[in-house]
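Before any comments, here is the structure.
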Amino acid sequence: MIDSAKLQQTLKQHFGYTKFKTGQESVIRSVLAGQDTFAILPTGSGKSLCYQLPGYLVSGQVVVISPLLSLIQDQVAQLQYLGEKRVLALTSALDPLTRRQSLAHFADYKFIFLSPEMANQRRIQRLLKQASVALLVIDEAHCISQWGIDFRPDYLLLSSLREAIQPATTLAMTATATQRVQADILAKLGLDPTKTRQIIHSVDRRNIYLASEALADETEKKQRLIELCCQLKRPGIIYFSSRQKAEEIAALLQQQVTTQVAFYHGDLTSQDRFAIQQQFMQGKLAIICATSAFGMGIDKADVRFVIHYHLPGSLESYLQEIGRAGRDGQQSIAILLYTQQDFQLQANLQINGLPDATLIKRYFAHPGQFAAAQVPAIELLKFYRQQQQSVTTVLKLFDQRRHEKLLALRTMLAFLQNPGCKRQFILTYFADSKVVSHDETCCDASQPPNLARLGLQQMTHPQSHTVYATWQKRLAAILGNTPLL
Amino acid sequence: MADYFYLLILFDQQQWRRPLALKALLKGRRTVSNLYAGLDYGLLSLYQLLPHLPAEKFEQALRQLVEAGLIAQQGRQARLTVAGQKAKVAANKQLFLPQHYAGLKFQNSREFIARLFLVTQASSELKKHNRHYFPLAVAWSTQQAVKNWLRQQNAQTLVSQLHQEWYLLFATLPQWQADYYSQFLLGHQVQPASTQQADHWFAWSSLTGELVRQDTVHWFLQQVTAAPEQFPLLTSLWQPLATGPLGTSAAQTMTLCQQGLSLTEISRQRRIKQNTLKEHLLEAAILLPDFPFDHYLTASTRRQLTTIFADQPLATWKFSQLAATDLSFFDYRLFQIQKRKAHD
Ligand SMILES: [Zn+2]
């Protein structure tokens, strides 16, 4: 049993904090006691500390399986920022030379981040087997259930991966999982529910006001968005389900609201992503128009609003995304704008990626014909065929998946049409037993949000400098002695 | 003027050119046939100008120009129409065109600038004694190279010397260009702009922005290599990347050749097929100013080829004309390269 003084000291020394956030300490203690652990902690609760801190108190390596490249990059940047040099990110972005060099020094790294696809590569698995893995972490574990079948089948191999590398302890973490998903995660990781410590905190974030608005059409939606952006206290994030739309609306807001707007999506180069993130972190940007690629690893405490311009695909995604607001505990707001057409749009988006029955049958009959095709749907089928699945199984699998996706979307719809308390709806959905006391700071069930009373209204915003600095000024600020204003 | 007019610059009214080869050249696909096309069209310097150019964008632009009657296509080749030539002259005046870009001379310019930006950020934070910052997102190998380089520098003079060298560089540019490029610099409490932001401020398309950035870096490298004594830091940062125009493998082959090894010996030593080595030689023949053609083309081979092609224009030569001889494709190509170079 580790003593509190030691924990406190490590927290202070490596992370500069004096206090744990909700849930952190119990997860850390469980992990340090060598107990396989499954934790649900609300968004913004500092989940990464739960594996970073134990890293300094155990002798082996910490291996983190993470779903997104941008998330891995953010987490690596965070550790580097804290002064940790023994960090390795094994991603597809690595050039061959770097990859070779990193693998040659594999044992020297304390923290190793990688995607499930990377972890399933034979060479990497061999290294992981030889290594002494003290802690295997599955970050954003709901992805196992959410993405496993259609998007990232490598997630389905995690239990055999776990068996192969025999970590001393396994930690799975997420901020959103229904009871069905919780059971699914444990099963897919091969964790025995009776022997796994389950630390489950309420997913509720009481300081985020929940609102939605139905609008007649796209024009009205744009108009309303502009109004909101003018009235709301900033900074804020607006989520879109298409890259193109994020760019288009960013340009519109730039003209009509503020120049401190930028867009962010997966097509940007890593330098451009870095630039936008840094500007946002430093308060130089007031509003970000983003796809869901933005924010998983963003640790900005004072985001005051999250607006959804498109419907999220599920209540889980919704909760993840609004969770980027109000990490400082201050009052914040989530507003979902939607039109009737959005349901069809989202349904198409969700279903289009899935291979249909005709394609599945054709592929299994003549896989050779598709050898050159680099379509995600084919890659997916290729994976299942390599796993020796029969065509009947695969047909059933995707049919089921289609139902699940539509069901998730119908839950979203039910959430929006629900006349009662939105927070209660979410908690019921996640079988969260926390008691909700609905009032005018909770959600828009009884009346629309009063921004002024919530302290979220700001009609005048400080004028931003739209003019860029000259090279002389920038250079003097960077390497000379004259700071930029 | 829309971005697709840029494509006109790559074509000519007289010479038929292969769009596929042009695209490959811009993207930096280093094959003998692409490089030869670059030589033949006088566009070798554009090598690797746009490595991330989406193929469909290139093809779409070509289609638009054909539909507008500015480009005529014939099989796999294309050239400017009379109207196309006029539009090219106009485009030359209105569009920003790279003036200093030398894709083969400075083939590692992108790595250079990534290192330089990280060095600048690290120096800026060092000056403020700040150890907690988010380093610019670059490849791990770039980080390592920068760490090693920084370790070799004199911490006392690094910041002021770097400041001075940047100052010298920026001062050689027009104000607008230096202003634009400086938006990407970063340091203590100074965030970089994204390319979308900077292009927006200067009212440029993303393509123009990319060309300005590439041209600026190559202009910097010209300044640095022309006066190394004025730029000691940048010179030492560039030196390990100054590899010359050849690809790594071709450069190794050439070094061994210069040491007097035969192709058979090199093939055995490097475990590389002779045909690949011959490709290396052809690459060198195209790219090096002093390739020893006579060493690889015997007098009798040369005589034979001269007789067959006599006064025939280069563009109409066909390898099939050598069907009755025992001359190889290597002989043919090498001779063709030599003739093409002599013609300039
Ligand atoms: Zn409520």
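Each part gets one Cα centre, and for segment A:22-52 versus segment A:241-277 those centres are 34 Å apart. On a per residue basis, segment A:272-350 carries 27 Å² of accessible surface, using protein heavy atoms and a 1.4 Å probe. Placing A:M281, A:M118 in order of accessible area, with the largest value first and a 1.4 Å probe, yields A:M281, A:M118. For A:D328 and A:T441, FRET efficiency with R0 = 22 Å and r from the beta-carbon atoms, rounded to 0.05? The formula returns an efficiency of 0.85 here. Leaving ligands, DNA and RNA out of it, report the carbon-plus-sulfur percent of the accessible area of segment A:4-200 at a 1.4 Å probe. The C+S portion of the solvent-accessible surface of segment A:4-200 is 50 percent. Here the spin labels are modelled as points 7 Å beyond Cα on the Cα-Cβ line, and at B:N108 and B:T307 they lie 4.8 nm apart. The residues of chain B have, on average, 48 Å² of accessible surface per residue, using a 1.4 Å probe with all protein chains present.
Charges at C-beta only: +1 for Lys and Arg, -1 for Asp and Glu. How large is the resulting dipole of chain B about its Cα centre, in Debye rounded to 20?
Result for chain B is approximately 620 debye, rounded to the nearest 20.
Put simply, the amide H of A:L171, placed in the peptide plane, has neighbours under 5 Å in A:T37, A:L136, A:V137, A:I138, leaving out anything fewer than 5 places away on its chain. Principal semi-axes of the equivalent ellipsoid, √(5λ) from the alpha carbon gyration tensor of the protein assembly as shown, are 51, 32, 31 Å from largest down.
The relative contact order of segment A:4-200, computed from alpha carbon pairs under 8 Å that lie at least 6 residues apart in sequence, is 30 percent. Counted by Cβ distance under 10 Å from A:L11, the other residues give a net charge of +2, where Lys and Arg count +1 and Asp and Glu count -1.
With all protein chains in place and a 1.4 Å probe, the accessible surface of chain B carries 52 percent carbon and sulfur. Summed over both chains, the area buried between A and B is near 3800 Å², taken from the accessible surface of protein heavy atoms with a 1.4 Å probe.
Rolling a 1.4 Å probe over the heavy atoms of the protein chains gives segment A:227-271 an accessible area of 40 Å² per residue.
Its relative contact order, with pairs defined as Cα atoms under 8 Å and 6+ residues apart, puts segment A:353-411 at 43 percent. Summing +1 for each Lys or Arg and -1 for each Asp or Glu among the other residues whose beta-carbon sits under 10 angstrom from that of B:S182 gives +1. Send over the Kirkwood Rh of segment A:353-411, from the inverse of the averaged 1/r over different Cα pairs, rounded to one decimal Å. This gives a value of 12.0 Å. Where only DSSP H runs of four or more residues are counted, the protein assembly as shown gives -14500 deg cm²/dmol as its mean residue ellipticity at 222 nm, each run worth -39500 (n - 2.57).
Charges were assigned to the Cβ only: +1 to each Lys and Arg, -1 to each Asp and Glu. The resulting dipole of segment B:109-241 about its Cα centre is roughly 500 debye. For segment A:213-225, putting each phi into the Karplus relation 6.51 cos²θ - 1.76 cosθ + 1.60 with θ = phi - 60° gives couplings of 9, 8, 10, 5, 7, 4, 4, 5, 5, 4, 4, 5, 4 Hz, in residue order, rounded to whole numbers and with x for Gly and Pro. For the protein assembly as shown, the Cβ-based charge dipole about the Cα centre amounts to some 1300 debye (Lys, Arg positive; Asp, Glu negative; other atoms uncharged). Calculated from the alpha-carbon coordinates, segment B:3-94 shows an Rg and a Dmax of 12.3, 33 Å respectively.
In whole percent, what relative contact order does segment A:409-465 give with Cα contacts below 8 Å and a gap of six or more residues?
Value for segment A:409-465: 26 percent.
Take the Cα radius of gyration of segment B:202-344 and divide it by 2.2 N^0.38 Å, N being the number of residues; the result is 1.40.
In order along segment B:60-68, phi translates into HN-Hα couplings of 5, 4, 4, 4, 4, 6, 5, 5, 7 Hz, rounded to whole numbers, per the Karplus curve 6.51 cos²θ - 1.76 cosθ + 1.60 with θ = phi - 60° and x for Gly and Pro. Give me the residues in segment A:80-124 whose solvent-accessible area, probe 1.4 Å, is reduced by at least 50 Å² once all protein chains are included instead of the chain isolated. Residues shielded by partner chains are A:Q80, A:Y81. Within segment B:52-124, the ratio Rg/Rh, alpha carbon atoms throughout and Rh by Kirkwood, equals 1.18. Annotation: extensible slack from B:K128 through B:A242 equals 37.8 nm (criterion: 0.36 nm per residue apart, minus Cα-Cα distance). Rounded to two decimals, the Cα-based Rg/Rh of chain A, with Kirkwood Rh, is 0.96. Other residues lying with their Cβ under 12 Å from the Cβ of A:R273 contribute a combined charge of -3, Lys and Arg counting +1, Asp and Glu -1. Peptides A:208-220, B:25-37 ranked from most to least packed give B:25-37, A:208-220, packing being the mean of other C-beta atoms within 10 angstrom over each peptide's residues. As a ratio to 2.2 N^0.38 Å, the alpha-carbon radius of gyration for segment B:104-214 is 1.11.
Spacing of the modelled spin labels on B:H295 and A:Q256, each 7 Å from Cα toward Cβ, amounts to 6.9 nm. What the pair-distance distribution of chain B shows, using all Cα-Cα distances binned every 20 Å from zero, is 25, 50, 23, 1 percent.
Interface residues of segment A:264-281, defined as a loss of at least 30 Å² in heavy-atom accessible area between the chain alone and the complex of all protein chains with a 1.4 Å probe, are A:Q271, A:D272, A:F274, A:A275, A:Q278, A:Q279.
So if I take the centroid of the Cα atoms in segment B:17-90 and the same for segment B:289-307, what is the distance between those two points in Å? A separation of 31 Å, based on Cα centres. Once you reduce segment A:416-434 and segment A:100-121 to the center of their Cα atoms, the two points are 41 Å from each other.
Fully extending the segment from A:Q80 to A:V391 would add 107.3 nm, taking 0.36 nm per residue of separation and subtracting the current Cα-Cα distance. Both radii were evaluated on the Cα set of segment A:4-200; the Rg over Rh quotient, with Rh as the Kirkwood radius, amounts to 0.94. The gain in end-to-end length when the A:R122 to A:Q101 segment is fully stretched comes to 5.8 nm, 0.36 nm per residue minus the alpha carbon separation.
The values are calculated or read from the model by the stated rules, or taken from the named source; none is laboratory data. If you're wondering where the values come from, they're calculated on a predicted model, not measured in any experiment. Note that each Cβ is placed from the backbone with ideal geometry, even for glycine, and that neighbours are counted across all protein chains shown. Areas reflect the complete protein model, heavy atoms only, side chains present, ligands, DNA and RNA absent. Shrake-Rupley method; radii C 1.70, N 1.55, O 1.52, S 1.80 Å.
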